[in-house]
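The values are calculated or read from the model by the stated rules, or taken from the named source; none is laboratory data. Small disclaimer: the values here were computed from a predicted structure and weren't measured. So basically every Cβ, Gly included, is an ideal-geometry build from the backbone, and we count neighbours across all protein chains shown.
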Amino acid sequence: MQTAFKYKKAIGFMALCVFSLVACKKSYLDPQPFGRYSSDQLLSKKGIDGLLIGTYGMLDGQGIPGASGWMVGATNWVYGDVASDDAYKGTDAGDQPQMTEIEIYASQAANTYFRFKWLSLYEGISRANDVINFSGKIPGITDDEKKNYVAQARFLRGHFHFEAKRMWNKVPYIDEATTKYDNKTDIWPKIEADLKFAYDNLPETQALVGSANKWAAAAYLAKVYMYEKKFNEAKTLYDVIIAQGQTSNGKKYDLQDQYWKNFDIGYENSAEAVFSQQTQASGTVTGSAETSYELAYPYGGVWGCCGFYQPSQNLVNAYKTTADGLPFLDDSYNNDNLKNDEGITSNSPFTNDATTPLDPRLDWSVGRRGVPYWDYGQHPGRSWIRDQAYAGPYSPKKHVSKNTDLGNFTNVNNFRQTAKNYNIIRFADVLLMAAEAEIEVGSLEKARQYINRIRARAANPGSMVTGAPANYLIKDYAVPFADQATARKAVRFERRLELAMEGHRFFDLVRWGIAADVLNAYLAKEKDRRGYLKASGGFIKNKNEYYPIPNPVIEIAKKMGNDLQQNPGY
């Protein structure tokens with residue numbers, strides 16, 4: 001825990017120092033080579049350490065003037081979940097209308113959310129390029145030290161480009177020597193090259209637990225292969241990662257024994273944490289707190305605000321299980337709603353359905369009335385919801401700090417700014433991606449083993465919410481999958497159940513090529529549950545898979561003699 005704490009402290013201080021020292025010296029679209037400076041203050045071991053930590057500091061997107069955390073953070077809860085079938089925007093109709101645009105697939109290129117997200121990602125890329133440029137100029141560092149700096153920077157550059165690629169698809173690749181750019185060329189090979197370099201050159205362990213190591217780079221490279229549908233390459237790499245991979249602090253990759261520990265600050269940087277955004281917040285100073293979730297808390301209560309990011313009824317229904325303890329892999333799970341307290345005030349009687357079989361991961365992903373909510377007692381229902389008719393009756397839970405952590409691991413002036421890490425990749429994600437790869441190359445039995453490993457952890461009695469009025473029933477897939485199509489449905493459903501409300505869902509639907517079908521079916525049902533969704537014109541195939549490139553970005557690029565083309569349909 002000490003190295004993790006030091007890392008958190010370092011981020012809080014150094015990221016601010018580095019940003020004030022260098023970030024304002026240039027535009028993110030400066031026509032000079034990106035990240036080229038001559039300041040003597042940076043030509044030292046301390047300076048290059050600061051530049052690198054400042055690059056890690058951009059994982060949360062903070063440091064872009066005017067940007068709010070929920071627009072830029074790696075958590076992607078707006079772009080990955082509100083834009084999917086997992087979550088509603090929440091709160092009420094009039095708040096954050098630009099987020100509503102994203103939710104109903106009416107995004108505009110003038111939406112400032114996209115501009116700030118672009119700025120934050122390319123600022124991160126610029127900082128990574130700074131590290132690469134300066135690493136060769138620092139007197140007294142060894143070749144191994146230089147290699148480590150460059151490999152970490154290329155890992156981070158790969159991450160930021162990956163985020164941009166899956167947001168907008170047609171994006172420029174910017175390296176340390178770029179002076180001109182366009183978005184006409186597919187940048188997947190460049191992202192691969194960065195992550196392959198990191199995999200080949202990073203050490204297995206690092207002095208600071210939050211630093212990327214060889215195996216984090218391997219996991220990220222395999223993830224890129226999955227997005228490219230290079231399943232054989234991904235499968236080969238996943239075999240090595242699962243057998244040999246370890247965290248930067250030397251823990252062999254494994255699942256936490258209990259599901260909820262992935263979302264408890266007391267169990268951070270575990271064997272399941274492949275690559276995490278490190279955060280720090282305590283006392284009266286924000287430090288490098290996680291602020292992207294600042295709106296995404298139950299309305300009122302000890303948090304004072306805000307009621308955004310509320311789990312959808314569709315997601316809640318997905319946690320129903322059959323009499324065999326398995327998911328409903330067809331759409332029948334959504335025929336009827338799990339009983340909820342919508343329309344019932346908190347001071348009126350309400351009794352949960354304690355008979356319908358449920359996957360226990362429901363009650364760590366979703367706050368619902370009558371079920372213990374961390375250590376706050378039972379979720380009270382409507383009094384924690386700003387507008388049930390608009391946002392539904394459920395609250396998010398995974399990212400919310402426990403009551404006993406308030407003030408110790410949060411900003412005491414704002415309990416919605418926390419020191420909870422965000423797992424950009426955790427080992428459950430790795431196992432499920434590996435299962436997908438196995439299915440696509442025809443190894444259905446190996447895939448079943450990986451999926452069952454995830455389900456066995458969820459079935460651990462310690463993974464169930466003590467005192468919940470629920471009939472938890474979850475079992476593994478006891479017989480082989482009948483065919484590849486059935487196996488695909490199983491692994492895709494498992495990703496939803498395991499990774500719900502962690503920012504992955506929309507991007508998964510897009511890479512599977514089923515976003516239009518799934519999300520239009522979702523809207524057809526949800527329009528009867530949430531009337532405001534009737535304003536949606538639906539998800540348009542070959543358009544809404546990617547977001548519009550921000551207008552100001554295109555305009556600035558044109559003035560500088562660079563060529564950025566808008567995405568189709570915008």
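Brief remarks on what is shown
- Qualifying residue in segment 319-330 (condition: buried (at least 24 other Cβ atoms within 10 Å of the Cβ), in a loop (DSSP other than H, G, I, E, B) and of a type in the set (Val, Ile, Thr)): no
- Boolean, ILE64 is closer than 30 Å to TYR309 by Cα, in contact (Cβ under 8 Å) with a residue 24 or more places away in the chain, surrounded by 24 or more Cβ atoms within 10 Å (Cβ to Cβ) and among the β-branched types (Val, Ile, Thr): no
- Residues that are in a loop (DSSP other than H, G, I, E, B) and surrounded by 16 or more Cβ atoms within 10 Å (Cβ to Cβ), drawn from segment 179-202: TYR181, ASN183, ILE187, LEU202
- Here PHE409 fulfils each of the conditions (1) over 30 Å from GLU233 (Cβ atoms); (2) within 21 Å of the chain's Cα centre (by Cα); (3) at pLDDT 95 or above apart from (3).
- Of the numbered criteria (1) in contact with a Lys or Arg (Cβ under 8 Å, 6 or more places away or on another chain); (2) assigned to a helix (DSSP H, G or I), the one LEU255 fails is (2).
- Checklist (1) within 20 Å of GLN378 (Cα to Cα); (2) surrounded by fewer than 23 Cβ atoms within 10 Å (Cβ to Cβ); (3) among the hydrophobic types (A, V, I, L, M, F, W, C) applied to VAL316, failing item: (2)
- Residues that are within 22 Å of the chain's Cα centre (by Cα), modelled with pLDDT under 95 and not in a loop (DSSP other than H, G, I, E, B) were ranked within segment 287-313; the one that is farthest from TRP77 (Cα to Cα) is GLY287.
- A Cβ distance below 8 Å, combined with a sequence gap of six or more or placement on separate chains, defines the contacts here; from segment 325-341, residues that are farther than 15 Å from PRO393 by Cβ and among the basic types (Lys, Arg) reach no residue that is surrounded by fewer than 16 Cβ atoms within 10 Å (Cβ to Cβ) and at pLDDT below 95.
- Taking the criterion of being under 23 Å from ALA516 (Cβ atoms) and not in a loop (DSSP other than H, G, I, E, B), the residues of segment 101-112 that qualify are GLU101, ILE102, GLU103.
- Test: VAL479 is outside any helix (DSSP H, G or I) and without any contact (Cβ under 8 Å) to a residue 24 or more places away in the chain: yes
- With respect to the conditions (1) crowded, with 16+ Cβ neighbours inside 10 Å; (2) closer than 20 Å to LYS89 by Cβ, ASN337 falls short on a single one, namely (1).
- Residue selected from segment 524-546 under the condition free of Cβ contacts under 8 Å to residues at least 24 places away in the same chain and either part of a loop (DSSP other than H, G, I, E, B) or in contact with a Leu (Cβ under 8 Å, 6 or more places away or on another chain) (or both), by the criterion surrounded by the most Cβ atoms within 10 Å (Cβ to Cβ): LYS527
- Test: residue in segment 170-178 that is acidic (Asp, Glu), at pLDDT 95 or above and in a helix (DSSP H, G or I): no
- Selected residue (criterion: nearest to the chain's Cα centre (by Cα)) from residues of segment 418-437 that are part of a strand (DSSP E or B) and either hydroxyl-bearing (Ser, Thr, Tyr) or buried (at least 22 other Cβ atoms within 10 Å of the Cβ) (or both): ILE424
- Set GLN62, GLN98, GLN152: member being farther than 29 Å from LEU523 by Cβ, among the polar types (S, T, N, Q) and in a helix (DSSP H, G or I): GLN152
- Qualifying residue in segment 550-557 (condition: of a type in the set (S, T, N, Q), surrounded by fewer than 17 Cβ atoms within 10 Å (Cβ to Cβ) and under 23 Å from TYR333 (Cα atoms)): no
- Scanning segment 215-249 for residues that are free of Cβ contacts under 8 Å to residues at least 24 places away in the same chain and touching a Phe, Trp or Tyr at 6+ places or on another chain (Cβ under 6 Å) yields a single hit, GLU233.
- The listed residues are ARG386, ARG368, and the only one of them that is touching a His at 6+ places or on another chain (Cβ under 7 Å) and surrounded by 15 or more Cβ atoms within 10 Å (Cβ to Cβ) turns out to be ARG368.
- Residues of segment 352-368 satisfying the condition of being under 15 Å from TYR297 (Cα atoms) and part of a loop (DSSP other than H, G, I, E, B): ARG368
- Within segment 314-326, the set of residues being farther than 15 Å from THR355 by Cα and over 21 Å from the mean Cα position of the chain (by Cα) comprises just one member, LEU326.
- Number of the exception - ILE549 against (1) out of contact with any Lys or Arg (no Cβ under 9 Å at 6 or more places or on another chain); (2) of a type in the set (Val, Ile, Thr); (3) outside any helix (DSSP H, G or I): (1)
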